1. Using a cut-off of 21 Å between alpha-carbon atoms, which lysines can reach Lys165, once sequence neighbours fewer than 8 places away in the same chain are excluded?
2. For a quick check, take a GNM of the chain with Cα springs below 10 Å and name the residue from Ile121, Ile135, Ile25 with the largest mean-square fluctuation.
3. Whole-Hz Karplus ³J(HN,Hα) for region 100-115, in order, using 6.51 cos²θ - 1.76 cosθ + 1.60 and θ = phi - 60°, x for Gly and Pro?
4. What's the carbon and sulfur percent of the chain's accessible surface, probe 1.4 angstrom, rounded to a whole number?
5. Inverting the mean 1/r over all pairs of different Cα atoms, compute the Kirkwood radius of region 126-216 and quote it in Å.
6. No solvent, one uniform scatterer per C-alpha: report log10 I(q)/I(0) for region 84-145 via the Debye equation at q = 0.12 1/Å, two decimals.
7. Per residue, what volume in Å³ does the convex hull of the Cα atoms of region 166-278 enclose?
8. Can you tell me the accessible area per residue over region 26-87, all protein chains present, probe 1.4 angstrom, in square angstrom?
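The values are calculated or read from the model by the stated rules, or taken from the named source; none is laboratory data. Note that the coordinates shown come from a computational prediction; the quantities given were computed from them, not determined experimentally. Because the Cβ atoms are built from the backbone with ideal geometry, glycine has one as well, and the counts that use them run over all protein chains shown. Protein only, heavy atoms only, side chains kept; ligands, DNA and RNA dropped before computing areas. Shrake-Rupley method; radii C 1.70, N 1.55, O 1.52, S 1.80 Å.
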Amino acid sequence: AKQAGKGTYVLYGQNMQRHFDERMIVEKHLRGAIDNNELFLNYQPKVYLHTGELWGFEALIRWNSPDLGFVSPLSFIRIAEDCRLIVPIGEWVLRRACLFLAGLHRQGRGPYHISVNISVIQLLLADFADTVLRILRETGLDPRYLELEITESIFMESFEEISTKLEYLKKWGIGIALDDFGTGYSSLSYLKQLPITTLKIDKSFIDSIPDENSSMPLAGSIIAIGHDMGLSVTAEGVETKEQLDFLETMKCDKVQGYYISRPIPENQVKSWIRQYEQ
Ligand code: C2E
Ligand code: CA
Ligand code: CA
Ligand code: CA
């Protein structure tokens, strides 16, 4: 038993080391990624459930590293947060997405909305709100077509400070969506105090539709709660017609997921819109 215990320890130690090395490698390559044009955005459509009309898109970052290949945002965003590279990367995403949407609007398309994922590290910056408003001015995007996607964990950090910033941005007409809703710890009374405009039901609740174990999947209750609080509700990760029909019955406002479309590279967005809207 002693031997096994020791063996386990050594193995664990090696894994820790490998994990650490991987992070160092990713961080090293990520440092030059913006300047070397290795980052780009995909855009995933969000549509109004009732009319089928195109609401807009969520910007999702992609990284194609010449040395590492395609790296998933699920792994590099966390690392970028730890080494604060998320600050320049997050700003790049915001500018690029606003620029692209403003360009579409100038061509007479839409107007569509754009949702951008924001990390807690960005929100804790003293000049975060100024940066957002400056980027909107510089790119010429009307603030009411921008939506920021944040997660509940953001409010664990420093509730007052972050709420004040988001409240201020909301006054400019910017939408605030609470992403991955239902996976965190927020109580309902707490939810009421958040300066948000939209609830995004996490994919895990959509996956459980249809639910053989209960007559009403949890997603239905979340939609009702969101509406009670005067919020718009978006479902993410919608993959089947069955899920879409259930969400429609429950009066969910917007849907996003592979059933509508996978995330689309920037240069294919216009042709996707043309096809969708004809
Ligand atoms: P998220 O914000 O929850 O984004 C939704 C993820 O689900 C995306 O993965 C999207 O491609 C995927 N997805 C959408 N519809 C479906 C579906 O029907 N089925 C399935 N199986 N998956 C679907 P992605 O693009 O790999 O992004 C992963 C996460 O990385 C995002 O989760 C978000 O937390 C983070 N992320 C992505 N881009 C950014 C960014 O620009 N900034 C920050 N801070 N985080 C980002
Ligand atoms: Ca998101
Ligand atoms: Ca999400
Ligand atoms: Ca999610």
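1. The qualifying lysines are Lys192, Lys200.
2. Top of the fluctuation ranking is Ile25.
3. With coefficients 6.51, -1.76 and 1.60, one gets 5, 5, 4, x, 4, 5, 5, 7, x, 8, x, x, 9, 8, 10, 9 Hz.
4. On the way: 7730 of 14590 Å².
Of the solvent-accessible surface of the chain, carbon and sulfur hold 53 percent.
5. Details: mean 1/r = 0.0679 Å⁻¹.
It works out to 14.7 Å.
6. -0.29
7. Values: hull volume 15.4 nm³, N = 113.
Enclosed volume per residue, from the Cα hull, is 136 Å³.
8. Numbers: 3020 Å² over 62 residues.
With all protein chains present, region 26-87 gives 49 Å² per residue.
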